[in-house]
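Note sheet for the following structure.
The values are calculated or read from the model by the stated rules, or taken from the named source; none is laboratory data. Note that the structure is predicted; figures quoted are calculated from it, not measured. Counting neighbours? That spans all protein chains shown, and the Cβs are built from the backbone with ideal geometry, glycine included. Keep in mind that these areas ignore ligands, DNA and RNA; they rest on the heavy atoms of the full protein, side chains included. Shrake-Rupley method; radii C 1.70, N 1.55, O 1.52, S 1.80 Å.
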Amino acid sequence: MEPNPALEKFLHSIPLFELVKKEDLVELLRLVRPIQLAQGEVIFQEGDVGGAMWVLGPETEVALTVGPDARPLATLTGGDTLGEMSLIDDAVRSATATVKKAGGAYRIEASDFDVLRDQQRPAAYNVLRKMARDMSLRLRMVSVQIVPEGVGQPEPATKVNEGTRLHASTLDDFWPLRDTPATARLALAQKLTERTLQPGEMVCREGEPSDAIFMLVAGEVETRRHGTPFLVLGPGSLFGLVSTLDGGNRSASVVARSESRVWRLGSADFEMLFQAGNRFAYRLVELVSRQLAANLRQANSTLVAHTAAPGEQGLTASSLGELDFKLTL
């Protein structure tokens, strides 16, 4: 693809690509395919399998609708992105997209993006990181409705020690790490610490700034919002990554239910590994992106199904009880 300074400037202005460094943007430019969208054209339908995303040109407008009665969901305009969830997985579309005002757009095939991801290219993982950040912020808004502010009591303040350093040979104890290459394992092990917790001991506290990502190697922990137990996590679980990605405070406390082994990766160390292209740091971003995408689709579906008509009860905690927010901490 020939250099196109105008297109490069346009893409760099798109929020989805804001974390991509200028020198890496060329990798995305190679994937972009300019197209024209006609008024009334259906770009995709609710239930279709996702295979591409679009960036809308300045004059283009697209309406998103849901359900057989085509209930309006949103209107997207120039500079907005559409269908980007397909860059994460191949789940079906949760809405129908119809062109309201004809104009240009840029299409990126998910299969082409997958090649960048398989090659461990920074551009791909910075896009995923931005998506995870945006999705986590949206899910936080929904999670407040599960346990609203003012319900229950906050956890008491407590000092949490960082634990002892690990050796690279112990990384197989946490199954998501077992296929990590040797060089990445060594770099990761130098950043990890381990704690053994007794029942009732706290891993991290709701409302505090995020300073680490946690991996549950053995035992069980439970999440609590305003002192209310919310979810039980078992071995192999990751938590704390989203608040590290989006810069927000912890949205829940995590407390040991049984004797548990927990590994801690400091936020600054995660950032160092990510910027160095460490494969496990990339893998963490990919894992959380996939889980968040599934959670957000389920949340959107639940929100649409429970949209209140005048005089009816709105969305309640019980109606959202089936949602899994274990990665929103």
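Roughly how far apart, in whole Å, are the Cα centres of the stretch 162-188 and the stretch 66-107?
The stretch 162-188 and the stretch 66-107 have Cα centres spaced 41 Å from each other.
For the residue pair Thr65 and Val115, what label-to-label distance in nm results when each label sits 7 Å from Cα along the Cα-to-beta-carbon direction?
So the two model labels end up 3.7 nm from each other.
How do Arg185, Arg290, Arg107 stack up against each other in accessible area, from largest to smallest, with a 1.4 angstrom probe?
Result, largest first: Arg290, Arg107, Arg185.
Near Lys21, which aspartates and glutamates are there with a Cα under 13 Å away, not counting those fewer than 8 places off in the same chain?
Result set, ordered by chain and number: Glu8.
From the protein chains alone at 1.4 Å, what is the descending order of accessible area for Leu137, Leu116, Leu19, largest first?
Highest to lowest solvent-accessible surface, that is Leu137, Leu19, Leu116.
Could you provide, to the nearest whole Å², the per residue accessible area of the stretch 213-277 with probe 1.4 Å?
Here the residues of the stretch 213-277 average 31 Å² of exposed surface.
With the dipole of the stretch 1-106 worked out from charges on the C-beta (+1 for Lys and Arg, -1 for Asp and Glu) around the Cα centre, which of Val92, Leu76, Pro15 lies farthest toward the positive end?
Checked the options; the winner is Leu76.
If R0 is 30 Å, what FRET efficiency do you get for Thr164 and Arg257 from their C-beta distance, rounded to 0.05?
Computed FRET efficiency for Thr164 and Arg257 comes out at 0.85.
Pull out the extension gain between Lys22 and Leu287, defined as 0.36 nm times the separation in residues minus the alpha carbon to alpha carbon distance; nm, one decimal.
92.9 nm
Stretch Glu8-Ala74 to full length: gain in nm at 0.36 nm per residue minus the Cα-Cα span?
Full-extension gain reported as 21.1 nm.
Round to a whole number: what % of the accessible area of the stretch 5-155 belongs to carbon and sulfur, probe 1.4 Å?
53 percent
For Tyr282, what accessible surface area do you get with a 1.4 Å probe? Give it in Å², rounded to 10.
Counting only protein heavy atoms, the figure is 10 Å².
Could you order His226, His12 by accessible surface area, starting with the largest, using a probe radius of 1.4 Å?
Order by accessible area, largest first: His12, His226.
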